[in-house]
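Q: For reference, the structure I am asking about is given below.
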Amino acid sequence: MSTSPTATPTPGPDETFGGRAFAPREDGTIVGVGVDVVDIPRLDAMISRTPALLDRLLTPGERELSPASRAARVAAKEAVGKALGAPGDFSWQDVTVERAAGRRPHLRLRGATLAAAERQDVEHLHLSLSHDGAIATAIVVAERAAAPRSL
C-alpha cells in the first residue's frame, strides 16, 4: 500500500471497483487547475481577418508556429489565467510557451501574471498541450512547494 498523501487505502464508495483512489490533495499544494480549448480554424480565420491579433495574442517566438501550435499557445495562456484565479491585469504578452529541443513545453511568465503567481507562492506550473483535428487543448496545474511531511 502506498503511503502517498493522495492515495487512499480504501477503494471508495463503490467497494466492487477495487483499485486505489487518488483523492485531491488537501494540503494546499495545488493552487489551481486551468483548462482551455481553442478551435484552430476559427483562430486562424480571425488572425487572417485581423493580422494585429497575432501580435496581441502571441509573443514573437510563438508567431511563426503552425496554426495548431499557435492555437495550443493561446489555450495555454487562457489556462494559466484560470489556474491563477483569473488575475485582473492578465496580459497575453505576460505568458509564453517555450520548448527546448527534445524537451516538454514549459511556461515563462512576466509582468502582472508573474506577480499573481508569486503572490500565491506558485513554485511550479505544469503544462500539457494537445491538438487533434480542429481543436487545440491546454491544461495548466499551478503548484506551491510541497509542505514538509512529518516523520
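The values are calculated or read from the model by the stated rules, or taken from the named source; none is laboratory data. Quick caveat, the model's predicted, so the values are computed rather than measured. In this analysis, Cβ positions are derived from the backbone assuming ideal geometry, glycine residues included, and neighbour counts consider all displayed protein chains. We work out accessible area using only protein heavy atoms, side chains counted, and drop any ligands, DNA or RNA first. Shrake-Rupley method; radii C 1.70, N 1.55, O 1.52, S 1.80 Å.
Q: Most mobile of LEU125, LEU65, LEU43 per a Gaussian network model of the chain (Cα springs, under 10 Å)?
A: LEU65
Q: Now, a different point. Give me a comma-separated list of calculated 3J(HN,Hα) values for the range 19-27, in order, Karplus coefficients 6.51, -1.76, 1.60 applied at θ = phi - 60°, integers in Hz, x for any Gly or Pro.
A: In residue order, the calculated couplings are x, 10, 8, 10, 6, x, 5, 10, 9 Hz.
Q: Out of the total accessible area of the chain (probe 1.4 Å, heavy atoms of protein only), what percent is carbon and sulfur? Provide the component values of the computation, followed by the final result.
A: Details: 5020 of 9310 Å².
For the chain, the apolar C and S fraction of the accessible surface comes to 54 percent.
Q: Right, next: Quick one: what do you get for the chain if you divide its Cα Rg by 2.2 N^0.38 Å?
A: Scaled against compact globular proteins, the figure is 1.24.
Q: Across the chain, where is the longest run that never hits trypsin sites (Lys or Arg not before Pro) in a DSSP loop with at most 11 other C-beta atoms within 10 Å? The partial results should precede the final answer.
A: Numbers: sites that count: ARG103, ARG149.
With trypsin sites (Lys or Arg not before Pro) excluded where exposed in loops, the chain gives 1-102 as its longest stretch.
Q: In addition: With θ set to phi - 60°, apply the Karplus curve 6.51 cos²θ - 1.76 cosθ + 1.60 along the range 102-116 and write out the HN-Hα couplings as whole Hz, x wherever there is a Gly or Pro.
A: With the stated coefficients, the range 102-116 comes to x, 10, 5, x, 9, 9, 10, 10, 8, x, 5, 5, 4, 4, 5 Hz.
Q: For Cα pairs less than 8 Å apart in space and 6+ apart in sequence, what is the mean separation divided by the residue count of the range 31-151, i.e. the relative contact order in percent?
A: In percent, rounded to a whole number, it is 35.
Q: Then there is this: Measure off 7 Å from each Cα along the Cα-to-Cβ vector at PHE22 and ARG108, then give the distance between these two points in nanometres to one decimal.
A: According to this spin-label approximation, the distance is 3.0 nm.
Q: Just in the range 64-151: which GluC sites (Glu not before Pro) are loop by DSSP and have at most 13 other Cβ atoms within 10 Å?
A: When the GluC sites (Glu not before Pro) of the range 64-151 are filtered for loop state and at most 13 Cβ neighbours within 10 Å, GLU64 remain.
Q: Per residue, how large is the accessible surface of the range 14-95? Use a 1.4 angstrom probe and give square angstrom. Don't skip to the end; give the middle numbers.
A: Details: 4500 Å² over 82 residues.
Value returned for the range 14-95: 55 Å² of accessible area per residue.
Q: Charges only on Cβ, +1 for Lys and Arg, -1 for Asp and Glu: so what's the dipole of the chain about the Cα centre, in debye to the nearest 20?
A: 360 debye
Q: At 0.36 nm per residue, and after removing the present C-alpha to C-alpha distance, how many nm does the segment from SER66 to ARG144 gain when stretched out fully?
A: On the way: separation 78, 0.36 × 78 = 28.08 nm, distance 3.29 nm.
Extra length available between SER66 and ARG144 comes to 24.8 nm.
Q: Output ³J(HN,Hα) for the range 66-79: one whole-Hz value per residue in order, computed from phi by the Karplus curve 6.51 cos²θ - 1.76 cosθ + 1.60 with θ = phi - 60°, and x for Gly and Pro.
A: With the stated coefficients, the range 66-79 comes to 5, x, 5, 5, 5, 5, 5, 5, 5, 4, 4, 5, 4, 5 Hz.
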